[in-house]
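Down below is the structure, laid out as structure tokens.
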Amino acid sequence: MIYNDAVNDILENVSKITQTVSQEEINKMTDMIVNVENVFIMGLGRSGLVAKAFGMRLMHLGLNVYIVGETITPAITDKDCLIAISGSGETSYIVSTSGIAKNIGAKIIAITSYTDSTLAKESDLVVQLKGRTKIDDEQNYISRQISGQHQTLSPMGTIFEISALVFLDSVIAQMMHDLGQTEEDLKSRHTVLE
């Protein structure tokens, strides 16, 4: 059944991908996040949904966090950081917005599949999640078979986006530990307007 094969494929890939991030990278990322005044997060499409989920959890930790593009997002300064999520690292809006933040002096954290992308090159820290993205298709069947690049059952950027969600939720768990926060602390900051 394709459904079961797809579930297994996605879980296997996400597990492999998220385990390639080093503790050193996680420490650098969390240090950067807690040592700035404000954290700005952005992504487009499904990566944007992942960005919002991570932003919500950072807010639950008590940090000042904003989602780029929301009407209440203030100006970014050189005392802030921007977390940009883009599988390809070439999404024009993400690249141009990161460039603006970089010119202002904000720190940039890129979460991407491509360490040689435009986004990665202008970032202070790059966390690579080697998921399949929309630009990652080898068109030649023979080349794929020889190199062992078999077509995944997940559509488009799914592996990157799910890996990013799992990675960022795991970063929250690490930050809870590092900051001495409990689930009750996070719940106390959860919205009551729903």
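The values are calculated or read from the model by the stated rules, or taken from the named source; none is laboratory data. Here the structure is a predicted model, which means the values were calculated and not measured. In this analysis, Cβ positions are derived from the backbone assuming ideal geometry, glycine residues included, and neighbour counts consider all displayed protein chains. The area values use the complete protein model at the heavy-atom level, side chains included, leaving out ligands, DNA and RNA. Shrake-Rupley method; radii C 1.70, N 1.55, O 1.52, S 1.80 Å.
Quick one: would you say Gly87 is closer than 21 Å to Thr115 by Cα, small (Gly, Ala, Ser) and in contact with a Gly (Cβ under 6 Å, 6 or more places away or on another chain)? Considered against the rule, which asks whether it is closer than 21 Å to Thr115 by Cα, small (Gly, Ala, Ser) and in contact with a Gly (Cβ under 6 Å, 6 or more places away or on another chain), Gly87 comes out as yes.
When Glu37, Glu25 are checked against the criterion of being closer than 18 Å to Tyr114 by Cβ and in contact (Cβ under 8 Å) with a residue 24 or more places away in the chain, Glu25 stands alone in meeting it.
Restricting attention to region 72-86, does a residue exist that is open to solvent by less than 10 Å² (accessible area, probe 1.4 Å), over 21 Å from Leu186 (Cβ atoms) and touching a residue at least 60 places away in the same chain (Cβ under 8 Å)? Looking for residues that are open to solvent by less than 10 Å² (accessible area, probe 1.4 Å), over 21 Å from Leu186 (Cβ atoms) and touching a residue at least 60 places away in the same chain (Cβ under 8 Å), one finds at least one in region 72-86, hence yes.
Just one of the listed residues (Leu58, Leu63) is under 15 Å from the mean Cα position of the chain (by Cα) and within 27 Å of Met176 (Cα to Cα), and it is Leu58. The set of residues from region 175-194 being assigned to a helix (DSSP H, G or I) and touching a helix residue (DSSP H, G or I) at 6+ places or on another chain (Cβ under 6 Å) comprises Met175, Leu186. Yes or no: region 149-161 includes at least one residue that is among the polar types (S, T, N, Q) and either under 17 Å from Leu58 (Cβ atoms) or at pLDDT 95 or above (or both). No: zero hits.
Residues that are over 22 Å from Tyr114 (Cα atoms), surrounded by 14 or more Cβ atoms within 10 Å (Cβ to Cβ), among the β-branched types (Val, Ile, Thr) and touching a helix residue (DSSP H, G or I) at 6+ places or on another chain (Cβ under 8 Å) do not occur anywhere in region 40-52.
Just so you know, in region 11-25 the residues that are open to solvent by 30 Å² or more (accessible area, probe 1.4 Å) and not polar (S, T, N, Q) include one that is nearest to Lys107 (Cα to Cα), and it is Glu25. Against the conditions (1) out of contact with any Lys or Arg (no Cβ under 9 Å at 6 or more places or on another chain); (2) open to solvent by 40 Å² or more (accessible area, probe 1.4 Å); (3) modelled with pLDDT under 55; (4) in a loop (DSSP other than H, G, I, E, B), Arg132 satisfies every one except (3).
Of the residues making up region 105-115, one or more are surrounded by 15 or more Cβ atoms within 10 Å (Cβ to Cβ) and among the aromatic types (Phe, Trp, Tyr).
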